[in-house]
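Would you mind keeping the following structure in view while I ask a few things?
Values quoted throughout were computed directly from the atomic coordinates according to the rules given, and no laboratory measurement underlies them. Since we're looking at a predicted model, the values are computed, not measured. Counting neighbours? That spans all protein chains shown, and the Cβs are built from the backbone with ideal geometry, glycine included.
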């Protein structure tokens, strides 16, 4: 379950994340953003107020309670998360209000899947964050984020699926495209885990829902299935029901971004 996965990431820590877990009643709804890099726009677009500003053609699932970001982030000299201000422009600011380091996550980096197999100074580290967003459109709000600096497929295969983690939302934006460290996969394997993680909403740019990815990236996904058989599947995009699309420049830069509801049978079978 979601709580079980989050408790695994917290380990024996008795800090802020442990306090959050104890205070939260029930199973937290997790939005997972693999290959997140420095991007926290998922906190904006999955804010409940955004649906008021930009209505979808069908009702959206309930918003997430916590955000899970993963990226192996290889830069050895990175100052990411070392300063309070993460992002700021005339309309939006994203700032770090609190950071707590959790136990390290020992997940392998495979040279076939990543551009920099040695990783960087943050690779393998896990943090609990409180992120404040100030938006001219949506107001000011704070959201909890767990950031695991790990390769996405390995993290899913070795932690999310074995711990029966439920990801109510999955974000596939600029996957392997430079928001973080870059990789050789286009993330098409994510389509195969919807049922396993009880996904309700899949947000994706055009990489796999339209163009189906570049040939070299597809070969990397084939190798993912050899490494991690529990991620294998038919990559069936017919289970996706688009309910909102925003232009590329609003988020991705890699194509228009679409909110896709999972058809009920896809979200409920596991």
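Does the chain come out rounded, prolate or oblate, given a ≥ b ≥ c as the square roots of the eigenvalues of its C-alpha gyration tensor, rounded meaning a/c under 1.5 and, failing that, prolate meaning a/b above b/c?
Verdict is rounded for the chain.
Nearest 500 deg cm²/dmol is fine: what mean residue ellipticity at 222 nm does the chain get from its DSSP H runs of n ≥ 4 alone, each adding -39,500 (n - 2.57), divided by its residue count?
After summing the helix terms and dividing by the residues of the chain, the value is -5000 deg cm²/dmol.
I would also like to ask the following. R0 = 30 Å: FRET efficiency of residue 87 with residue 22, Cβ-based, nearest 0.05? Walk me through the intermediate numbers first.
Details: r = 31 Å, r/R0 = 1.02.
So, using R0 = 30 Å, E works out to roughly 0.45.
Shifting gears a bit: Is segment 18-90 best put as rounded, prolate or oblate by its Cα gyration tensor, with a ≥ b ≥ c the root eigenvalues, rounded for a/c under 1.5, and otherwise prolate when a/b is larger than b/c, oblate when not?
Oblate.
Compute the relative contact order of the chain as a whole-number percentage, counting only Cα pairs closer than 8 Å that sit 6 or more residues apart in sequence.
On the way: 577 pairs, mean separation 55.0, N = 270.
Contact order relative to length: 20 percent.
Using 0.36 nm per residue of separation minus the Cα-Cα distance, give me the extension gain between residue 164 and residue 136 in nm, one decimal.
Full extension from residue 164 to residue 136 adds 6.3 nm.
Which of rounded, prolate, oblate describes segment 108-152, given a ≥ b ≥ c as roots of the alpha-carbon gyration tensor eigenvalues and a/c under 1.5 marking rounded, otherwise prolate only if a/b is larger than b/c?
prolate
I've got another one for you. How far is it, in nm, from the label point at residue 115 to the one at residue 54 when both lie 7 Å from their Cα along the line to the Cβ?
In this crude label model, residue 115 to residue 54 measures out at 2.6 nm.
Would you mind ranking 83, 27, 60 by Cβ crowding within 10 Å, fewest neighbours first?
83, 27, 60
OK, next. What is the fewest-to-most order of 134, 22, 158 by other Cβ atoms lying within 10 Å of their Cβ? Could the numbers behind the result be given before it?
Values: 134 14, 22 9, 158 18.
Fewest to most other Cβ atoms nearby, the residues stand as 22, 134, 158.
Can you tell me which of 19, 112, 85 moves the most in a GNM of the chain? Springs connect C-alpha atoms under 10 Å apart.
Answer for the Gaussian network model of the chain: 19.
Work out how much length residue 62 to residue 38 would gain on full extension: take 0.36 nm times their residue separation and subtract the Cα-Cα distance, in nm to one decimal.
Net length gain for the segment: 6.2 nm.
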